[in-house]
Amino acid sequence: QVQLVESGGGLVQPGGSLRLSCAASGMIFMFYTMDWYRQAPGKQRELVATITRGRSTNYADSVKGRFTISRDNAKNTVYLQMNSLQPEDTAVYYCHSTTYDVWGQGTQVTVSS
């Protein structure tokens, strides 16, 4: 059974940074593409970043140059480093396995002064 568990969310001031982590189990993690999504109140869930098994990455235009997705296959973990955070980045952030279509429980990120 594939499980994804996110951590690292919280309250941060504008311009600050956070690093989200997503620990995967029940899958051979190194073989699969992983994604980070986010959902702000009243909005649809949107794709933020993707990393393939070959470590190719893609980002939403709104986060390019500020967010970095990475993976540690030895720890079965995918990360999202978020810098220069802005209030519009406030959302629940979800980890997702493309292949298994499994979601984590989400972690809240709030950017506010």
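Okay, here's what the table says:
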{"quantity": "Candidates 89, 61, filtered to the one that is out of contact with any Phe, Trp or Tyr (no Cβ under 8 Å at 6 or more places or on another chain), free of Cβ contacts under 8 Å to residues at least 12 places away in the same chain and acidic (Asp, Glu)", "calculated": "61"}
{"quantity": "Every residue from region 1-37 that is closer than 13 Å to residue 82 by Cβ and free of Cβ contacts under 8 Å to residues at least 60 places away in the same chain", "calculated": "21"}
{"quantity": "Matching residues, region 84-108, being under 11 Å from the mean Cα position of the chain (by Cα) and β-branched (Val, Ile, Thr)", "calculated": "92, 107"}
{"quantity": "Residues (surrounded by 14 or more Cβ atoms within 10 Å (Cβ to Cβ), among the polar types (S, T, N, Q) and within 23 Å of residue 11 (Cβ to Cβ)) located in region 35-76", "calculated": "39, 68"}
{"quantity": "Residue that is out of contact with any Leu (no Cβ under 9 Å at 6 or more places or on another chain) and surrounded by 13 or more Cβ atoms within 10 Å (Cβ to Cβ), where the choices are 111, 12, 92", "calculated": "92"}
{"quantity": "Matching entry among 54, 26, 16, 9 (being on the phi > 0 side of the Ramachandran plot and of a type outside the set (Lys, Arg))", "calculated": "26"}
{"quantity": "Of all residues in region 12-27 being of a type in the set (Gly, Ala, Ser) and part of a strand (DSSP E or B), the one that is farthest from residue 77 (Cα to Cα)", "calculated": "25"}
{"quantity": "Positions within region 58-77 being more than 18 Å from residue 1 (Cα to Cα), touching a strand residue (DSSP E or B) at 6+ places or on another chain (Cβ under 9 Å) and not acidic (Asp, Glu), in sequence order", "calculated": "58, 59, 60, 62, 63, 65, 66, 67, 68, 69, 70, 71"}
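Taken together, the values in this text are just the output of simple stated rules run on the coordinates, not laboratory data. These figures come from a predicted structure and were not determined experimentally. Neighbour counts run over all protein chains shown; Cβ positions are idealised from the backbone, glycine included.
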